[in-house]
Every structure is written in structure tokens, then in C-alpha cells.
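Structure record follows, encoded as C-alpha cells.
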Amino acid sequence: MLPRGIRNHNPLNIRRSKDQWKGLKAQQTDPAFCQFESLEYGWRAAFYLLTRTYYHKYRLYTIRKIIERWAPPHENKTEAYIANVSRLTGILPDEPIGIPSDQPSRWIALGAAMAIQENGTESMDWFAMLRGWAKARNENDSRDLSP
């Protein structure tokens, strides 16, 4: 059986909320997590959250700060999550990741490491991840700038 995040096409397990993400399935059957039409849309939402909401809005610049908010201790083993993502990316927990437009590979690595933490490595579609990154960062297409 595939991990829940992969079954939902939601590799970072974004929780359901009032946000109407592009590419959400019309029928949401998972009680806790968003379900997307494709992994590309799930990755788009993940990178939108990481780079536009967490970096620009909340001013979270490090793995530690991002994961403390993404995977709080009342729901996760946050310190283990931080340590694993840091190990996988090669970015120290308290090292600034950099501006997303200047350091895209570091942000893509962050997303990939978080997805591995959430789902394991078996069912990852890395090409969908790259297409999702492009959709999330496409500033020339106003249709892709809102959730």
C-alpha cells in the first residue's frame, strides 16, 4: 500500500483548511489532509507554502524554524524530523536556506527531504516534484500565484 501522502498526491501532507488550492480533487475523502488531482499539484502547493508563505510571510529561513511550524511537537517527533531533513539536505538546522529565487536547489532539496520524512523514498516521482516547483515559482503566470 502506498503512503497516505502519495495516495493523496500530497507529498508533504498538507492539512485540509479553507484554502482552495489549484488542483484539489473535487471530492475530498481524507478527513485530515488535502487530496490533489496529481502529484504535480501537490508539489505546487507544498512549494508555494514553503517559499511564499513560510519564507516570505512568516519569515522562516531555516530548517529548524520551518519544521517547528510544519511538524509541531504535539503531532510529530520534531527534533528527529529536523535532524533527518538536515542530514538529507546537507543544510545545518539553523543555517539560512537562502532566498528561494537565488537558491532554488536548496528549497527543492528541502521539499524532497520533507517528502522522504513524510512518505519514505519508494514511491516518489521526482519529475512531478520539479514540475510542481516550476508551477509554484512561475511569477509570469498570475494564474499560478494564488493558492
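Over all Cα atoms in the chain, the spread is summed up by Rg and Dmax: 14.2, 40 Å.
If you plug the beta carbon distance of LEU130 and LEU92 into 1/(1 + (r/R0)^6) with R0 = 25 Å, you get a FRET efficiency near 0.50. Peptide packing: for 20-31, 1-12, 45-56, 114-125, the average count of neighbouring Cβ atoms within 10 Å per residue gives the ranking 45-56, 1-12, 114-125, 20-31, highest mean first.
Projected label points at ARG52 and THR121, each 7 Å from Cα along the beta carbon direction, are separated by 3.2 nanometres. Cross-link pairs exceeding 22 Å in C-alpha to C-alpha distance, out of LYS22/LYS135; LYS25/LYS135; LYS22/LYS77; LYS25/LYS65; LYS18/LYS77, comprise LYS22/LYS77; LYS25/LYS65; LYS18/LYS77. Calculated accessible area for segment 1-138 comes out at 51 Å² per residue, all protein chains present (probe 1.4 Å; ligands, DNA, RNA ignored).
Candidate membrane-span-like segments in the chain, meaning DSSP H helices with Cα atoms spread over at least 20 Å of their own axis and a Kyte-Doolittle mean of -1.0 or above, are 104-119, with no membrane implied. Rounded to the nearest 500, the 222 nm mean residue ellipticity of the chain from helices alone is -12500 deg cm²/dmol, with -39,500 (n - 2.57) taken per DSSP H run of at least 4 residues.
The values are calculated or read from the model by the stated rules, or taken from the named source; none is laboratory data. Treat the numbers as computed from the prediction; the structure is a model and nothing was measured. No Cβ is skipped: glycine too gets one built from the backbone with ideal geometry, and neighbour counts run over all protein chains shown. What goes into the accessible areas is simple: the full protein's heavy atoms, side chains included, and nothing from ligands, DNA or RNA. Shrake-Rupley method; radii C 1.70, N 1.55, O 1.52, S 1.80 Å.
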